[in-house]
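Asks: Mind looking over this structure? Questions follow.
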Amino acid sequence: MTDVNVIINEKIEKFGKERQALMPILQGIVADKNYITEDELLKVAEALDLSAADVYGTATFYTFLDVVPRGKYVIRVCKTISCHMAGKDEIIEALEKTLKVKLGETTPDKKFTLLQANCMGWCHKGPVMLINDEVYPELTSEKAIAIVEEYIAK
Amino acid sequence: MENKKLTKVDLIFENDGTCATTVLDKIKAMSQDDIIMEMIDSGLKGRGGAGFPTGLKWKFTKAENSFDKYIVCNADEGEPGTFKDREILDTVPSKVFAGMTIAGYAIGAKVGYLYLRAEYNFLLKKLNDKLDSFNATIKDKGFDFRIEIRSGAGAYICGEESALFESIEGKRGEPRNKPPYPTVSGLFGKPTVINNVETLVYATMIMKYGADNFKKMGTQDSRGSKVFSISGDTPNAGIYELELGMTVEDFVSDFGDGDTKAVQVGGASGLCVPRKKFADMIIGYEGVPTGGSMMLFNSSRSMYNVLKDYLEFFAEESCGQCTPCRVGCQQLLEGIEAVKRGEKHPSYLESLKKLAETMKLSAKCGLGQSVANPFVSIVDNFREEIIY
Ligand SMILES: Cc1cc2nc3c(=O)[nH]c(=O)nc-3n(C[C@H](O)[C@H](O)[C@H](O)COP(=O)(O)O)c2cc1C
Ligand code: SF4
Ligand code: FES
């Protein structure tokens with residue numbers, strides 16, 4: 001993991017010290033640390049000369065900018081109509097069993113968080129899930145379990 | 001798929017490897033006004049859903065007197081049932097970049113942004129690599145233009161143009177009041193052309209083959225072809241580029257499973273067309289418009305579940321900024337649930353329809369305004385399924 005100040009400075013160098021650097025900074029922190037802590041939000045606010053409330057308000061607007069603890073691998077199963085019809089409920093059930101968590105929870109070892117999300121642009125190949133940035137389309141319960149087991153072994 | 005009725009087209013995914021650079025050479029020899037005239041003449045309308053004539057959008061933005069102007073490519077593709085922009089960006093990215101460059105040259109913009117939804121982060125590295133070489137090509141050819149990519153973070157509303165600008169500016173993705181329109185005051189308050197990924201590729205192809213060839217296809221109101229994202233109860237789910245002007249019946253005869261009872265045209269915010277209306281409903285601006293999302297439902301599906309799914313989607317994705325939408329989406333959802341459970345009389349559906357119509361008039365942006373589309377069309381055509 002990278003020091004948060006390093007991420008902030010790297011993004012400021014690329015995007016400037018203006019407000020438009022905020023999203024790239026927050027995205028950079030999530031990419032490196034899975035979620036943004038209060039302390040990190042304060043550092044970002046200070047670096048861009050924004051109020052902490054403003055930075056918090058912006059981060060919480062976006063579902064992918066998590067401000068609550070998340071696992072190293074965030075699993076997002078698509079819940080929207082085409083994937084719903086294709087059987088996303090079974091996928092979630094299978095993953096809940098495999099990971100021994102309920103939807104919305106993080107495993108005790110902080111490795112996985114299991115979430116649902118809206119349409120991810122793979123409706124013709126549903127059910128589909130994202131694990132961090134990786135896409136896994138055309139899932140069956142067996143396939144989903146096998147994929148997650150590979151991550152467990154990592 | 002065995003093509004029975006519909007005319008398949010191969011413009012968007014045509015990939016000869018040199019198209020983008022050839023087109024840049026070609027437009028270099030044209031004046032800004034010639035390019036805009038050609039775009040207007042083609043009759044191309046925006047492929048992101050709203051269907052505004054692309055040439056006019058460019059013309060208005062060029063007419064603005066401002067040193068800074070921007071091109072934005074909308075790659076937020078969040079409408080349920082839409083997945084064609086992902087495929088376009090994955091397979092023919094340089095044609096997207098070329099479209100942005102053409103638009104940039106035509107209106108006098110020096111910078112273009114491509115706003116990519118976070119769900120497509122897996123494309124980011126590949127796109128950035130392509131872009132490095134493309135930016136170099138643009139420069140070599142003597143254009144004063146460069147393209148950068150910005151990422152979204154999981155918010156459907158950021159596909160709405162003004163919310164997208166807010167997001168690039170580093171703020172909450174809350175839509176702005178209109179007017180002013182983006183052509184006057186868009187990104188960073190400057191005149192901006194924002195176009196969908198597919199629209200920009202069509203711009204590239206219109207510059208390559210000429211407006212005449214494009215407008216030979218389609219109808220008076222819906223010129224050319226369009227990329228469709230087809231999902232649901234169909235043996236042929238996938239991405240297809242088809243000539244515009246077909247009826248829903250033509251469409252169902254090629255893509256249905258023999259038992260299609262309804263087609264949702266235009267995604268969650270679009271219209272539900274029931275079987276009895278298939279024959280005379282044209283897919284296009286003269287009938288049911290679509291940004292490409294086509295979801296088929298067969299008789300095994302409960303339309304109550306479909307509507308409930310859409311309303312949950314809107315209730316979650318509403319930015320919450322204005323009351324009609326923030327409260328309205330939840331009330332519609334709770335309302336149909338109450339009718340289903342028998343806690344409310346079926347006539348309550350009439351009050352809910354009025355609420356949806358009120359949202360159409362009073363909501364601040366297209367999200368809240370379009371909830372009435374699925375709501376009224378599903379409730380009117382599948383009333384029994386909603387109640388019992
Ligand atoms: C809630 C909402 C979501 C939208 N999402 C998208 C989108 O994901 N992609 C898109 O191209 N247009 C989307 N639009 C339409 C844009 O606001 C805008 O009209 C479009 O990008 C213009 O490009 P075009 O003229 O080339 O279609 C959305 C509109 C609304 C109201
Ligand atoms: S209509 Fe809905 S999404 Fe649009 S501004 Fe109002 S609350 Fe936000
Ligand atoms: S509905 Fe799941 S990817 Fe679109």
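Asks: Check the stretch A:10-19 and report whether any residue there is under 17 Å from the mean Cα position of the chain (by Cα), part of a helix (DSSP H, G or I) and buried (at least 22 other Cβ atoms within 10 Å of the Cβ).
Replies: no
Asks: Moving on to the next point. Sort out which residues of the stretch B:271-292 are within 16 Å of ligand 3 (Cβ to nearest atom) and open to solvent by 10 Å² or more (accessible area, probe 1.4 Å), and write them in order of number.
Replies: Residues satisfying the conditions are B:T290, B:G291.
Asks: Any residue that is touching a residue at least 40 places away in the same chain (Cβ under 8 Å), open to solvent by 30 Å² or more (accessible area, probe 1.4 Å), touching a helix residue (DSSP H, G or I) at 6+ places or on another chain (Cβ under 7 Å) and facing chain A (nearest Cβ under 10 Å) - is there at least one of those in the stretch B:210-230?
Replies: No, every residue in the stretch B:210-230 fails to be touching a residue at least 40 places away in the same chain (Cβ under 8 Å), open to solvent by 30 Å² or more (accessible area, probe 1.4 Å), touching a helix residue (DSSP H, G or I) at 6+ places or on another chain (Cβ under 7 Å) and facing chain A (nearest Cβ under 10 Å).
Asks: Show me the helices (runs of 4 or more DSSP H) found entirely inside the stretch B:293-388 where at least 3 residues are more than 16 Å from ligand 2 (Cβ to nearest atom) and open to solvent by 40 Å² or more (accessible area, probe 1.4 Å).
Replies: The helices (runs of 4 or more DSSP H) meeting that bar are B:323-340, B:348-362, B:383-387.
Asks: If we keep just the residues of the stretch B:161-172 that are more than 24 Å from B:F122 (Cβ to Cβ) and within 15 Å of the chain's Cα centre (by Cα), which is nearest to ligand 2 (Cβ to nearest atom)?
Replies: Step by step, filter the stretch B:161-172, then rank; the result is B:S162.
Asks: Let me ask you something else. Please indicate, with yes or no, whether at least one residue in the stretch A:54-62 is more than 9 Å from chain B (Cβ to nearest Cβ) and open to solvent by 50 Å² or more (accessible area, probe 1.4 Å).
Replies: Taking every residue of the stretch A:54-62 in turn, at least one turns out to be more than 9 Å from chain B (Cβ to nearest Cβ) and open to solvent by 50 Å² or more (accessible area, probe 1.4 Å).
Asks: It is to be established whether one or more residues within the stretch A:87-100 are surrounded by 20 or more Cβ atoms within 10 Å (Cβ to Cβ), away from chain B (no Cβ under 14 Å) and under 30 Å from B:G292 (Cα atoms).
Replies: The answer is yes; a qualifying residue exists.
Asks: Give just the number: which of (1) within 14 Å of another protein chain (Cβ to nearest Cβ); (2) more than 28 Å from B:F228 (Cβ to Cβ); (3) among the small types (G, A, S) does B:A29 not satisfy?
Replies: All conditions pass for B:A29, except number (1).
Asks: Let me ask something else. Within the set of pairs 6+ apart or on separate chains, which have a first residue in the stretch B:179-204 that is open to solvent by less than 10 Å² (accessible area, probe 1.4 Å) and in a helix (DSSP H, G or I), a second that is within 11 Å of ligand 1 (Cβ to nearest atom) and among the hydroxyl-bearing types (S, T, Y), and C-beta atoms under 7 Å apart?
Replies: B:T199/B:T54; B:A203/B:T54
Asks: Check whether at least one residue in the stretch B:278-294 is closer than 18 Å to B:F375 by Cβ and free of Cβ contacts under 8 Å to residues at least 24 places away in the same chain, and report yes or no.
Replies: Scanning the stretch B:278-294 turns up no residue that is closer than 18 Å to B:F375 by Cβ and free of Cβ contacts under 8 Å to residues at least 24 places away in the same chain.
Asks: I would also like to ask the following. How many residues does the stretch A:116-143 contain that are more than 17 Å from A:M85 (Cβ to Cβ), more than 7 Å from chain B (Cβ to nearest Cβ) and either open to solvent by 20 Å² or more (accessible area, probe 1.4 Å) or out of contact with any Phe, Trp or Tyr (no Cβ under 8 Å at 6 or more places or on another chain) (or both)? Let's see the steps before the verdict.
Replies: Of the stretch A:116-143, the ones more than 17 Å from A:M85 (Cβ to Cβ) are A:130-136, A:142-143.
Now narrow it down to the ones that are more than 7 Å from chain B (Cβ to nearest Cβ): A:131-132, A:136, A:142-143.
From the residues that got through so far, the ones that are either open to solvent by 20 Å² or more (accessible area, probe 1.4 Å) or out of contact with any Phe, Trp or Tyr (no Cβ under 8 Å at 6 or more places or on another chain) (or both) too are A:132, A:136, A:142-143.
Here the count works out to 4.
Asks: Hey, does the stretch B:262-270 have a residue that's away from chain A (no Cβ under 12 Å) and open to solvent by 30 Å² or more (accessible area, probe 1.4 Å)?
Replies: no
Asks: Any idea which residue in the stretch B:178-206 is farthest from ligand 1 (Cβ to nearest atom), counting only those that are over 15 Å from the mean Cα position of the chain (by Cα) and hydroxyl-bearing (S, T, Y)?
Replies: B:S185
Asks: Does B:F251 satisfy the criteria of being at pLDDT 95 or above, under 22 Å from B:P374 (Cβ atoms), part of a strand (DSSP E or B) and aromatic (F, W, Y)? Reasoning before the result, please.
Replies: Numbers: at pLDDT 95 or above: yes; under 22 Å from B:P374 (Cβ atoms): yes; part of a strand (DSSP E or B): no; aromatic (F, W, Y): yes.
When the stated conditions are applied, B:F251 does not pass them.
The values are calculated or read from the model by the stated rules, or taken from the named source; none is laboratory data. All figures in this text were calculated on a predicted structure; none of them were measured in a lab. Methodologically, a virtual Cβ is constructed for each residue, glycine included, from the backbone with ideal geometry; neighbour enumeration extends over all protein chains shown. Please note that ligands, DNA and RNA were not included when accessible areas were found on the heavy atoms of the full protein model with its side chains. Shrake-Rupley method; radii C 1.70, N 1.55, O 1.52, S 1.80 Å.
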